[in-house]
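The values are calculated or read from the model by the stated rules, or taken from the named source; none is laboratory data. Remember, predicted model here, so these are calculated numbers, not experimental data. Quick reminder, even Gly has a Cβ in these numbers, built from the backbone with ideal geometry, and neighbours come from all protein chains shown.
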Amino acid sequence: MYDRILLPTDGSAGMTRVIDHAGELAHIHDASVHALYVVDTASLTTMPMDVSLDSLHGLMQEEGESAVAEARRRMPDGVDVDRTITDGAPATQIIDCADEADCDVVVMGTHGRGGLNRLLLGSVAEHVVRRSSVPVVTVRVGEEMDPESGEESPLQQVEH
């Protein structure tokens, strides 16, 4: 059913659930994964003028490298992973990448680091769900089920 899975990641701790879900789907379907990190260039325009945009962009690139490397590290053995870091508006880049990489499905978190902008402008996940030409699987981010109680518990950050 799925041959190529797009996995957008923002590198946040909550992404472990999303990465693991994409890995399970890839393993079950013998699919490859395309891990994507988008440097949100729109967020750079809101930075104070005394911040060096080049150095900030460099830091975001490094964060992207770490995020896609973590996605690769968490994949089950035998799952091929391509990694891409790109600049732009996250929702647009995710949709474009899904098309360009010939992905069959997008597996992404319900929300990322958004904060107030997400509340005012709508979430990246919502935009992708509405505009994607392929199915989008959203994985709830930020909480995990406690296996003993069946209740949600705060997500624990994974040690590296």
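For this structure, a couple of remarks:
- Where strands (runs of 3 or more DSSP E) fall wholly inside segment 74-160, the ranges with 3 or more residues that are hydrophobic (A, V, I, L, M, F, W, C) and at pLDDT 95 or above are 105-109.
- Residues that are touching a strand residue (DSSP E or B) at 6+ places or on another chain (Cβ under 7 Å) and surrounded by 15 or more Cβ atoms within 10 Å (Cβ to Cβ), drawn from segment 90-107: P90, Q93, I94, C97, A98, A101, C103, D104, V105, V106, V107
- Note on segment 51-89: residues that are out of contact with any Asp or Glu (no Cβ under 9 Å at 6 or more places or on another chain), surrounded by 15 or more Cβ atoms within 10 Å (Cβ to Cβ) and hydroxyl-bearing (S, T, Y) amount to 1.
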